[in-house]
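The values are calculated or read from the model by the stated rules, or taken from the named source; none is laboratory data. No experiment lies behind these values; they were computed from the predicted model shown. Counting neighbours? That spans all protein chains shown, and the Cβs are built from the backbone with ideal geometry, glycine included.
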There are 2 protein chains.
Amino acid sequence: MHERLNQFISEQKVAVQQELRQHLDSLDIPERLKASMLYSVEAGGKRLRPVLLLAAYQAYSNDTKRALSPAIALEMVHTYSLIHDDLPAMDNDDLRRGQPTNHKMYDEATAILAGDALLTYSFELIANDPHLTDSQKVRTVQLLSEASGPKGMVAGQMLDMKAEHKALTLEELETIHTLKTGALLRFAISTGASLGGAEPEQINHLGLFAYHLGLIFQVQDDILDVSGDPDKIGKPVGSDEANNKNTYPKLLGLEGAIAKKNHYVHKAKESLYHADAASSYLALLTDYFSSRDY
Amino acid sequence: MHERLNQFISEQKVAVQQELRQHLDSLDIPERLKASMLYSVEAGGKRLRPVLLLAAYQAYSNDTKRALSPAIALEMVHTYSLIHDDLPAMDNDDLRRGQPTNHKMYDEATAILAGDALLTYSFELIANDPHLTDSQKVRTVQLLSEASGPKGMVAGQMLDMKAEHKALTLEELETIHTLKTGALLRFAISTGASLGGAEPEQINHLGLFAYHLGLIFQVQDDILDVSGDPDKIGKPVGSDEANNKNTYPKLLGLEGAIAKKNHYVHKAKESLYHADAASSYLALLTDYFSSRDY
């Protein structure tokens, strides 16, 4: 990975993880609930969403303190969605990143409540952040609730479940991805940029950037499942095909999927240029999303 | 029931139900998700929480438009909590108010997502309400997230599960009730009063009022389970005892529970007097909570 980006990601991850632990540790709540929330929050994800938010913020501003609470609120919402998605009634996964899923480590009831608690606490965190003005808090709550609720991520999960074992068109596949994973990525970019002081026109261009970035992320996920290193991606190669999942390689072939991804990288960078952010970390992150091997 | 209160409750219920349906109907979201959300929201509860919020508001103000969104957001949060509580992994209830629970009518995955969606959308609703100032929105999001999250309702549900089939002291029992049902009632009272323009000192007294009102509600619930009319309460008499639940009559005897309730009614009315709300609907609602037969 690009040396400068590598360092940026490490630094932001440390800041995000410190802030996450500090907020959750300080909560005076039932012990088992706290342990279950912390277990999933600290399960060691890539922290892509908060890092993106902080990168979008720093494309327009020099300090970071105003963006930290929204960044960790976003990671909490992402974590809640993983906990609920893993439940037996949903994807029924026993392992995530090689570790027992929350309901396996604790129990189903605790996992449901830990998810509910993380979602709710993310709004509390934003509303109580001393670094944000009331107007910034309201805007952030608006964007986060829209991105994660019934018009966004929850809709994506609902459509995804309905689409299982059904052949989708490319358009239907992209609608699901745009809602299920894209909505939180768009929140990261637009909220980071907006808090950093970007102009409305710049934020418009970034909306298009975020849309393509989300698709790049998903195409690469599908490509790795076909041609990745099982040790790095943490699951056997070919599991999407075995589970009869709708993927880009299935619809377009591997070469077609790679061409599609490259097209999206081109579009994403074009939008970054129009948003005066072509030399920000967002550009390096686009390459990283496109070429990551895990 | 008191004629004047009866009319007040009917009017507020109509307003709440119209507003709930209008907001949910207008959502452009997956059909099955919307149907599942509407199913539980329209399952015909008593709407006690929004009515309380509107009564607290009207104790200090004449119009109602500023309180309507927080009132229906509160009802959505209450509905989400019922959907998740009924799940097989939690209380495993097939029926609620004589109708199939959400996961029985739809399926578990849909019920989990409908709950998640209602919770998230409640914050969106507040953040987008054109009748509230930014400062009122922030305060309402703060109070709602605190009341419903890991420090409030979710903590209560967690402790309640842990307490099953365990004998509790009166103090432990009241801690659970104060979190599990009391937190949303306190939100109703303090948010209604605050939006209506009550002074900080009045709101302090109302906090104590709400605390006692929540306990009155719970004692009466327990009393009805022992001596109520099964046709009215919608479940067989004695089901708490059969399920070995911790209740006031179990700890204090039926007479002791009634005496406790009357003591709380006295305390609640004292607080109302200090909050200059002794002649508001809140006083009539206290009697109603204490003497309701369903």
Of the residues in segment A:76-103, those that are over 17 Å from A:L184 (Cβ atoms) and touching a Phe, Trp or Tyr at 6+ places or on another chain (Cβ under 8 Å) come to A:N102
Please go through segment A:111-139 and pick out each residue that is surrounded by fewer than 24 Cβ atoms within 10 Å (Cβ to Cβ) and either more than 16 Å from B:S135 (Cα to Cα) or of a type in the set (K, R) (or both).
-> A:R139
Could you tell me whether A:Y106 is in contact with a Ser or Thr (Cβ under 8 Å, 6 or more places away or on another chain) and facing chain B (nearest Cβ under 7 Å)?
-> no
Of the residues in segment B:104-141, those that are farther than 25 Å from A:D86 by Cα and either in contact with a Phe, Trp or Tyr (Cβ under 6 Å, 6 or more places away or on another chain) or modelled with pLDDT under 95 (or both) come to B:V141
B:T79: passes all of (1) surrounded by 19 or more Cβ atoms within 10 Å (Cβ to Cβ); (2) more than 14 Å from chain A (Cβ to nearest Cβ); (3) touching a Gly at 6+ places or on another chain (Cβ under 8 Å) but (2)
Of all residues in segment B:5-26, which are polar (S, T, N, Q) and in contact with a Lys or Arg (Cβ under 9 Å, 6 or more places away or on another chain)?
-> B:Q12, B:Q17
Answer residue from segment A:93-103, given it is at pLDDT below 95 and assigned to a loop (DSSP other than H, G, I, E, B) and is nearest to the other protein chains (Cβ to nearest Cβ) among those = A:D93
Assuming B:A183 fulfils every condition listed in (1) outside any helix (DSSP H, G or I); (2) more than 9 Å from chain A (Cβ to nearest Cβ) apart from one, which condition is it?
-> (1)
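What residue, of A:A111, A:A127, is of a type in the set (A, V, I, L, M) and within 19 Å of B:G115 (Cβ to Cβ)?
Matching residue, one of A:A111, A:A127: A:A111.
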Would you please name the residue that is surrounded by the most Cβ atoms within 10 Å (Cβ to Cβ), looking only at residues in segment A:229-246 that are over 22 Å from A:D160 (Cα atoms) and without any contact (Cβ under 8 Å) to a residue 24 or more places away in the chain?
-> A:P230
Would you mention how many residues in segment B:60-100 are closer than 16 Å to A:T120 by Cβ and hydrophobic (A, V, I, L, M, F, W, C)?
-> 6
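On the given criteria, is B:Y294 part of a helix (DSSP H, G or I), within 21 Å of the chain's Cα centre (by Cα) and within 22 Å of B:E3 (Cα to Cα)?
Considered against the rule, which asks whether it is part of a helix (DSSP H, G or I), within 21 Å of the chain's Cα centre (by Cα) and within 22 Å of B:E3 (Cα to Cα), B:Y294 comes out as no.
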Test: B:K261 is surrounded by 18 or more Cβ atoms within 10 Å (Cβ to Cβ), among the charged types (D, E, K, R) and modelled with pLDDT of 95 or more = yes
Which listed residue, of B:S135, B:S122, is within 8 Å of chain A (Cβ to nearest Cβ), among the polar types (S, T, N, Q) and assigned to a helix (DSSP H, G or I) = B:S135
Some residue of segment A:2-9 being in contact with a Ser or Thr (Cβ under 8 Å, 6 or more places away or on another chain) and either surrounded by 24 or more Cβ atoms within 10 Å (Cβ to Cβ) or under 20 Å from A:A277 (Cα atoms) (or both) | no
Might you check whether a residue that is outside any loop (DSSP other than H, G, I, E, B), among the small types (G, A, S) and free of Cβ contacts under 8 Å to residues at least 60 places away in the same chain occurs anywhere in segment A:82-92?
-> no
Mind checking whether some residue in segment B:207-214 is at the interface with chain A (Cβ under 9 Å from one of its Cβ atoms) and under 30 Å from B:L252 (Cβ atoms)?
-> no
Please find, within segment A:140-171, the residue that is surrounded by the most Cβ atoms within 10 Å (Cβ to Cβ) out of those that are facing chain B (nearest Cβ under 8 Å) and of a type in the set (K, R).
-> A:K151
Which numbered condition trips up A:D129, out of (1) free of Cβ contacts under 8 Å to residues at least 12 places away in the same chain; (2) more than 9 Å from chain B (Cβ to nearest Cβ); (3) within 23 Å of B:T120 (Cα to Cα)?
-> (1)
Scanning segment A:163-196 residue by residue, the ones that are over 23 Å from A:Q220 (Cα atoms) and either of a type in the set (K, R) or within 14 Å of the chain's Cα centre (by Cα) (or both) total 2
Quickly run through segment A:11-47 and pick out the residues that are more than 14 Å from chain B (Cβ to nearest Cβ), in a loop (DSSP other than H, G, I, E, B) and in contact with a helix residue (DSSP H, G or I) (Cβ under 6 Å, 6 or more places away or on another chain).
-> A:R47
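B:N92 - would you say it is surrounded by fewer than 17 Cβ atoms within 10 Å (Cβ to Cβ), over 22 Å from B:E19 (Cβ atoms) and polar (S, T, N, Q)?
yes
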